[in-house]
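Have a look at the structure below before the remarks.
The values are calculated or read from the model by the stated rules, or taken from the named source; none is laboratory data. Everything numeric in this text was worked out from a predicted model, so none of it was measured. Backbone-built Cβ (ideal geometry, glycine too); neighbour counts: all protein chains shown. In case anyone asks, the SASA skips ligands and DNA or RNA and just uses the protein heavy atoms, side chains included. Shrake-Rupley method; radii C 1.70, N 1.55, O 1.52, S 1.80 Å.
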Amino acid sequence: MRIVLKPLNNLEDIAQDLVGNRRKLYETLKEAESVVEDIIENVKDRGDAALREYTERFDGCRLTTFRVPPEDLERAFREAPEELKAAIAFAARNIRAFHEAQKMTSFFLERQSSILGELVRPLRRVACYIPGGRFAYPSSCLMTVIPAQTAGVQEIALFTPPRNDGSVHREVLAAAFFLGVQEVYRVGGAQAIAAACFGTESIPPVEKIVGPGNIYVTAAKKRLQGVVGIDSLAGPSEVAIIADHSAPPEWVALDLLAQAEHDPLATGVLFSPSEALLLEVKKHLEREIANAPSPFGRTQPLFLYQVEDLEVALAAVNLLAPEHVEVMTEDPLTLLPRLQKGGAIFLGPYAPVALGDYGYGPNHVLPTWGAAAFSSPLSVRDFYTFSSFVFPSPPDPTLEYETYAHLARKEGLFFHRRSLLARVGKKLLTDIEREWERT
């Protein structure tokens, strides 16, 4: 793994150094979309038969059924180590308490005899995608299911890739059982997203798909966005750390490496005005990498930037809009209002990103690849629909039908205008036509 230590002379250097920019994202997704297009079409047209073929091709196992039997969920939880059960329960309490504060309610306004407002209602059925592969992610199960339950979603289906023996990580099944989720499918990749969107003979379609996944999962979500709801487009993990001389260099190094082990393209970057800190962090990084139990297959270097002051560090982080921001300075709270862009912000030396990953409270499904500039973490709000309504009745002072009709006239919409004017007694088509021609 390369470690790049350099001064940051201007903010443009960041765009040249870091791969996670808009052009790279666009090209990467475009390439992946060309791969997943046939998968989506095939699952849409052939359903379970296509799922069986893709599961054998990509996951190395033949399945006749995709749904995990409820008794397997119960057995996974019953046989789980007590430490895991306790950790799941502990994290779930923290996550649920945080997300309860995000709940939203309908509101109503009165204008004399009129009523208008907004109805907030939960989605009926959603899919939570839980990544598979080398690692088990019961934490992602908690982070996607709990906000949906908090919003009041009636049906929650989990999709997760099977291993080559057809099984699913038992830790994920244990977490699902603890949360009361009974619908778990052994389907992963782009084919899982297509199945959740269109449905198959054995899998009912959903209204929204949430949760992180690899580039092909992300490309499939992008391709189907608008046909089905999605949360966001997830890319490699990111962390940007702002630190001064007060930061523990070993902790800074470990936090950079914690993100680096997610993905070869994960972004880890440190901004500090302290040359001494940067040099110490570099030493710790080299020592930790040399002693790591498995090698880092990195294509993205770790960048350690020396900045003139914390103002430059703040500007750099706001430009990057990273998934995670850590602030290890003497007074981190003073910087918080000026951190305009960041999916999740961790303040002080006792707030590693890993604390948020495993259930301290906020969600760990976050915008990546600079998307924190315009999007937000997964939350209870993602599982609602919002419907405005009006029930107007005279003598509401805002029922100026002729004023609204004037706007319709300026937009050239004849029947919009006629519809409005009919409410104030102008019902004769010929009179309105004559007025329309005169104006």
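Worth pointing out:
- Any pair with Cβ under 7 angstrom, 6 or more apart, that starts in segment 165-176 at a residue that is at negative phi and ends at one that is open to solvent by 40 Å² or more (accessible area, probe 1.4 Å) and in a loop (DSSP other than H, G, I, E, B): 172/137
- Pick from segment 366-387, criterion assigned to a loop (DSSP other than H, G, I, E, B) and in contact with a strand residue (DSSP E or B) (Cβ under 7 Å, 6 or more places away or on another chain), ranking: farthest from residue 99 (Cα to Cα): 368
- Qualifying residue in segment 32-54 (condition: open to solvent by 80 Å² or more (accessible area, probe 1.4 Å) and closer than 20 Å to residue 236 by Cβ): no
- Flag for residue 183 being closer than 25 Å to residue 228 by Cα and open to solvent by 20 Å² or more (accessible area, probe 1.4 Å): yes
- Filter result for residue 116 (more than 22 Å from residue 212 (Cβ to Cβ) and at pLDDT 95 or above): yes
- Filtered by the rule that a residue be β-branched (Val, Ile, Thr) and either without any contact (Cβ under 8 Å) to a residue 12 or more places away in the chain or over 18 Å from residue 367 (Cβ atoms) (or both), segment 308-351 gives 312, 327, 329, 334.
- Note on segment 366-381: residues that are among the hydrophobic types (A, V, I, L, M, F, W, C) and surrounded by fewer than 22 Cβ atoms within 10 Å (Cβ to Cβ) total 2.
- Candidate set from segment 202-225 (those that are outside any loop (DSSP other than H, G, I, E, B) and over 22 Å from residue 364 (Cα atoms)); member that is most open to solvent (accessible area, probe 1.4 Å): 223
- Annotation: of all residues in segment 249-280 being buried (at least 18 other Cβ atoms within 10 Å of the Cβ), in contact (Cβ under 8 Å) with a residue 60 or more places away in the chain and under 25 Å from the mean Cα position of the chain (by Cα), the one that is farthest from residue 324 (Cα to Cα) is 265.
- Candidates 286, 330 - the one that is open to solvent by 20 Å² or more (accessible area, probe 1.4 Å), farther than 22 Å from residue 1 by Cβ and not basic (Lys, Arg): 330
- Taken over segment 289-307, the residue count meeting the criterion of being modelled with pLDDT of 95 or more and either of a type in the set (Asp, Glu) or open to solvent by 40 Å² or more (accessible area, probe 1.4 Å) (or both) is 1.
- Here residue 127 meets each of (1) small (Gly, Ala, Ser); (2) surrounded by 21 or more Cβ atoms within 10 Å (Cβ to Cβ); (3) out of contact with any helix residue (DSSP H, G or I) (no Cβ under 9 Å at 6 or more places or on another chain) with one exception, condition (3).
Yes or no, residue by residue, for (1) at pLDDT below 90; (2) of a type in the set (A, V, I, L, M); (3) touching a Leu at 6+ places or on another chain (Cβ under 9 Å):
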residue	(1), (2), (3)
13	yes, no, no
16	yes, no, no
19	yes, yes, yes
25	yes, yes, yes
30	no, no, no
34	no, no, no
57	no, no, no
62	no, no, no
69	no, no, no
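- Any hit, segment 351-363, residues being hydrophobic (A, V, I, L, M, F, W, C), surrounded by fewer than 17 Cβ atoms within 10 Å (Cβ to Cβ), in contact with a helix residue (DSSP H, G or I) (Cβ under 9 Å, 6 or more places away or on another chain) and part of a helix (DSSP H, G or I): yes
- Whenever a residue of segment 397-409 is farther than 19 Å from residue 114 by Cβ and open to solvent by less than 100 Å² (accessible area, probe 1.4 Å), its partners that are charged (D, E, K, R) and at pLDDT below 95, lying with C-beta atoms within less than 6 angstrom and at least six residues away or across chains, give the pairs 408/417; 409/417.
- Residues within segment 190-201 that are of a type in the set (A, V, I, L, M) and either touching a strand residue (DSSP E or B) at 6+ places or on another chain (Cβ under 9 Å) or surrounded by fewer than 23 Cβ atoms within 10 Å (Cβ to Cβ) (or both), tallied: 4
- None of 232, 167 is open to solvent by 20 Å² or more (accessible area, probe 1.4 Å), modelled with pLDDT under 95, within 21 Å of residue 79 (Cβ to Cβ) and among the polar types (S, T, N, Q) except 167.
- Cross-chain or 6+ apart pairs with Cβ under 6 Å, segment 361-383 first and within 21 Å of residue 207 (Cβ to Cβ), then in a loop (DSSP other than H, G, I, E, B) and hydroxyl-bearing (Ser, Thr, Tyr): 375/232
- Test: residue 98 is modelled with pLDDT of 95 or more, surrounded by fewer than 17 Cβ atoms within 10 Å (Cβ to Cβ) and over 25 Å from residue 196 (Cα atoms): no
- Filter result (touching a Ser or Thr at 6+ places or on another chain (Cβ under 9 Å), of a type in the set (S, T, N, Q) and part of a loop (DSSP other than H, G, I, E, B)) within segment 284-337: 300, 329
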